[in-house]
């Protein structure tokens, strides 16, 4: 497979207006927006909102989305407490889900989600969550013709099993969350937003993320997955490291090289070499909570995610100079499926 050649073909076609009618150019160049519709079957779409309190003692993730599967269409909001591993799944009718056609804003019943705000009103026998958050100083992943989002030219491929987007690499959080009789302040906190959509999550994947470093404005994300491809499969990866306003991108399509070692204990060691830098990453899983993931649109797969993991990073330039070394706390870490498929 030669990504650069295929990428040039796709970008040339879209520039000339020659791609099939299934391509909505607005949506392609705005991957944060709702990408699907509510009529197709075997489809899912979900956004991942992580909020961490100023002192780092509280880390929570909220995941709104839709599941379109024959006989079980619905919308949902998942919740996970990073410090305890407890999780909740709030199910809503499909028609409780609505979205903007001109930007990123989705609503599920009385719950609203956008790149600037999040309001929560979740109540069931499981428990109650009410919250109101505002986000500012968002560092967005800007799109280009040859790279309409973090997936690069792969975003133009119409038969991918799963697509990935980054809404905000790092931002400030203000707000409060009430759960039961506990009121939690997130004043001066940090946030991160990303998303996935398609038919199914990969057979096996690793995902890690943190923007809770001592160095202000530093953020890291890496996703490694087993990707079906024209009757075969390959291990692909994508990610970024944001430091001092500069974003270091690495992915299968950039030509970067990745080496990885995964221990049964949940410890991960990774080496990423790009054209102008080398990144060493080590991570240790924390408490893991259960989340639901899609298979052909149906939220029937149970996975486990930690959001109190740690990620240690060292960034070295091409001349061997160390540009950064530090540890990210309150990190997200997922190890799903047979990780031997990724090695």
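The values are calculated or read from the model by the stated rules, or taken from the named source; none is laboratory data. Worth saying up front: this structure is predicted, and the values here are computed from it rather than measured. Neighbour counts run over all protein chains shown; Cβ positions are idealised from the backbone, glycine included.
Just checking, which of 213, 277 is more than 22 Å from the chain's Cα centre (by Cα) and either within 27 Å of residue 67 (Cβ to Cβ) or modelled with pLDDT of 95 or more (or both)?
After applying the criteria, what remains is 277.
Please count how many residues of segment 247-268 are surrounded by fewer than 17 Cβ atoms within 10 Å (Cβ to Cβ), more than 20 Å from the chain's Cα centre (by Cα) and either in a strand (DSSP E or B) or at pLDDT 95 or above (or both).
5
Could you list all residues from segment 60-73 that are touching a helix residue (DSSP H, G or I) at 6+ places or on another chain (Cβ under 9 Å) and within 28 Å of residue 184 (Cβ to Cβ)?
At the first step, the residues of segment 60-73 found to be touching a helix residue (DSSP H, G or I) at 6+ places or on another chain (Cβ under 9 Å) are 66-68, 73.
Scanning segment 60-73 gives a single hit, 66.
Quick check: anything in segment 128-139 surrounded by fewer than 19 Cβ atoms within 10 Å (Cβ to Cβ), at pLDDT 95 or above and not in a strand (DSSP E or B)?
No, the conditions are met nowhere in segment 128-139.
Right, residue 323: in contact (Cβ under 8 Å) with a residue 60 or more places away in the chain, within 30 Å of residue 146 (Cα to Cα), over 19 Å from the mean Cα position of the chain (by Cα) and not in a loop (DSSP other than H, G, I, E, B) or not?
Details: in contact (Cβ under 8 Å) with a residue 60 or more places away in the chain: yes; within 30 Å of residue 146 (Cα to Cα): yes; over 19 Å from the mean Cα position of the chain (by Cα): yes; not in a loop (DSSP other than H, G, I, E, B): yes.
The answer is yes for residue 323.
Hey, residue 302 hits all of (1) exposed (fewer than 13 other Cβ atoms within 10 Å of the Cβ); (2) in a loop (DSSP other than H, G, I, E, B); (3) touching a strand residue (DSSP E or B) at 6+ places or on another chain (Cβ under 8 Å) but one; which does it fall short on?
(2)
Can you tell me which residues in segment 289-298 are more than 17 Å from the chain's Cα centre (by Cα) and in a strand (DSSP E or B)?
Selection gives 295, 298.
Give me the pairs: first residue in segment 172-185 and free of Cβ contacts under 8 Å to residues at least 40 places away in the same chain, second residue loosely packed, with under 14 Cβ neighbours inside 10 Å, beta-carbon distance under 9 Å, and six or more apart or on different chains, which are they?
Pairs that qualify, where the first residue is free of Cβ contacts under 8 Å to residues at least 40 places away in the same chain and the partner is loosely packed, with under 14 Cβ neighbours inside 10 Å, are 172/136; 172/137; 172/188; 183/176.
Residue check: is residue 70 surrounded by fewer than 17 Cβ atoms within 10 Å (Cβ to Cβ) and modelled with pLDDT under 95?
Working: surrounded by fewer than 17 Cβ atoms within 10 Å (Cβ to Cβ): yes; modelled with pLDDT under 95: yes.
Judged against the criteria, residue 70 is a match.
Any idea which residue in segment 102-127 is farthest from the chain's Cα centre (by Cα), counting only those that are touching a residue at least 60 places away in the same chain (Cβ under 8 Å) and outside any strand (DSSP E or B)? Spell out the reasoning first.
We begin by selecting, within segment 102-127, every residue touching a residue at least 60 places away in the same chain (Cβ under 8 Å); these are 103-104, 106, 113, 115, 118.
Those left that are additionally outside any strand (DSSP E or B): 103-104, 115.
Working: 103: 18, 104: 15, 115: 14 Å.
So the residue we want is 103.
Among the listed residues 158, 148, identify the single one that is at negative phi, surrounded by 20 or more Cβ atoms within 10 Å (Cβ to Cβ) and touching a residue at least 40 places away in the same chain (Cβ under 8 Å).
Just one listed residue meets the conditions, 148.
Read through the list (1) buried (at least 21 other Cβ atoms within 10 Å of the Cβ); (2) under 23 Å from residue 290 (Cα atoms); (3) touching a residue at least 24 places away in the same chain (Cβ under 8 Å), then give the number of the only condition that residue 97 fails.
It is condition (2) that residue 97 fails.
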